[in-house]
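Quick notes on the structure that follows.
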Amino acid sequence: MASVLIDVLVRSGVARDEQVVLGWWSGYGDTVAPPNAHLDFLPPDDREMWLVLSRLGAIPRLTKQVGRGPTRWLPMSRSWSVVSDFYDRSVIVAGSTRLVDAVLPAPGLEAVFVTDRTRRAVLS
């Protein structure tokens, strides 16, 4: 899935070699720490995460090394982000209208647009 999402991000204008901070929750029992990982706490839930500075295009390789994909993708440009829940059931992609418009119809991804109104309805 990371490869599919990366291709969509690149088609929407994100550089494949963009630097990203990747985070994996350190509490998974079925994973190993990524190479060159730094252990730190990441808001908003202050879970201990393995953090790695990498390139967007390296995520599939790192996913294989670790045993699962990163739960946080934080680009240095701060123009988009990807966050998954800790159970890998859902992923939130945030970014420009162009990026979101590229994600929604992408083959291989099941995506829905969540408006502020939808978000408030779910949270209330």
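The values are calculated or read from the model by the stated rules, or taken from the named source; none is laboratory data. What you see is a predicted model; the values in this text were computed from it and never measured. Ideal geometry is used to build each Cβ from the backbone, glycine not excepted, and the neighbour counts take in all protein chains shown. These area figures cover heavy atoms from the full protein model, side chains too; ligands, DNA and RNA do not enter into them. Shrake-Rupley method; radii C 1.70, N 1.55, O 1.52, S 1.80 Å.
Points to keep in mind about this one:
- Taking label points 7 Å from Cα along the Cα-to-Cβ direction, Gln19 and Ser96 give a separation of 2.1 nm.
- Accessible-area ranking of Tyr28, Tyr87, largest first, probe 1.4 Å: Tyr87, Tyr28
- Of all accessible heavy-atom area on the stretch 1-80, the percent that carbon and sulfur account for (1.4 Å): 54
- Segments 42-55, 101-114, 65-78 sorted - mean Cβ within 10 Å per residue, highest first: 65-78, 42-55, 101-114
- Using just its DSSP H runs of length 4 or more, each adding -39500 (n - 2.57), the chain gives a mean residue ellipticity at 222 nm of -7000 deg cm²/dmol after division by all residues.
- Summing Cβ point charges (Lys, Arg +1; Asp, Glu -1) relative to the Cα centre of the chain gives a dipole of roughly 260 debye.
- Shape category assigned to the stretch 66-113 from the gyration tensor of Cα positions, a/c cut at 1.5: oblate
- For the stretch 9-16, 3J(HN,Hα) per residue [Karplus equation, 6.51 cos²θ - 1.76 cosθ + 1.60, θ = phi - 60°, Hz, x = Gly/Pro]: 4, 5, 4, 8, x, 7, 6, 4
- With each label modelled as a point 7 angstrom along the Cα→C-beta vector, the Arg78-Asp116 pair spans 2.0 nm.
- Global size of the stretch 24-113 as Cα Rg and Dmax, reported in angstrom: 13.6, 37
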